[in-house]
Amino acid sequence: MKVVFKQLNNRFNVNSLLLDLKKTGFIHFKTKNAHEINSKLQYENKFIADLSDTKYLELCLNNIMDWRVNIDYLIPKLRSACH
């Protein structure tokens, strides 16, 4: 994993971008019945957050890939658009 982060960081540097580890996280996708896996990623002595859900391009994603989080996010927006 260390090699992957080093390559990623190099690619960011070439394109004048910065990999901000404070804002970086990962999601371990799984099925509803899967057991929890304690994954800890670390790069340059900084831990990368293990997220259970995130929002990407206005789409809410969670680690079990169901639509409940996205639906719960959209319902209030749709209600306010109808009034």
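The values are calculated or read from the model by the stated rules, or taken from the named source; none is laboratory data. Not measured: the values here are computed from a predicted model. Here the Cβ positions follow ideal geometry from the backbone for every residue, glycine too, while neighbour counts run over all protein chains shown.
Filter region 21-46 down to the residues that are at pLDDT 85 or above and either assigned by TED's automatic domain parsing to the domain that holds Asp66 or surrounded by fewer than 10 Cβ atoms within 10 Å (Cβ to Cβ) (or both), then identify the one that is farthest from Met65 (Cα to Cα).
Taking the candidates together, the pick is Asn45.
Among the residues of region 49-83, which ones are out of contact with any Leu (no Cβ under 8 Å at 6 or more places or on another chain), charged (D, E, K, R) and within 23 Å of Lys32 (Cα to Cα)?
Across region 49-83, the qualifying residues are Asp66, Arg68, Asp72.
Say we look at region 23-47 and pick out the residues that are more than 16 Å from the chain's Cα centre (by Cα) and in a strand (DSSP E or B); which of these is farthest from Lys6 (Cα to Cα)?
Among those residues, the one meeting the criterion is Lys46.
Every residue in region 47-66 that is farther than 29 Å from Lys77 by Cα and surrounded by fewer than 11 Cβ atoms within 10 Å (Cβ to Cβ), please.
Phe47
Only residues in region 62-79 that are at pLDDT below 90 and among the small types (Gly, Ala, Ser) count as the first member; pair them with residues that are assigned to a loop (DSSP other than H, G, I, E, B) and loosely packed, with under 15 Cβ neighbours inside 10 Å, Cβ under 9 angstrom, at least 6 apart or cross-chain, and list the lot.
none
Residues to consider are Asp20, Asp72, Asp50, Asp66; find the one that is assigned to a helix (DSSP H, G or I) and among the acidic types (Asp, Glu).
From the options Asp20, Asp72, Asp50, Asp66, the qualifying one is Asp72.
Does Asn9 qualify as being touching a Cys at 6+ places or on another chain (Cβ under 6 Å) and surrounded by 11 or more Cβ atoms within 10 Å (Cβ to Cβ)?
Considered against the rule, which asks whether it is touching a Cys at 6+ places or on another chain (Cβ under 6 Å) and surrounded by 11 or more Cβ atoms within 10 Å (Cβ to Cβ), Asn9 comes out as no.
Across region 1-21, which residue is nearest to the chain's Cα centre (by Cα) among those that are touching a residue at least 24 places away in the same chain (Cβ under 8 Å) and within 16 Å of Asp50 (Cα to Cα)?
Only one residue tops the list, namely Leu21.
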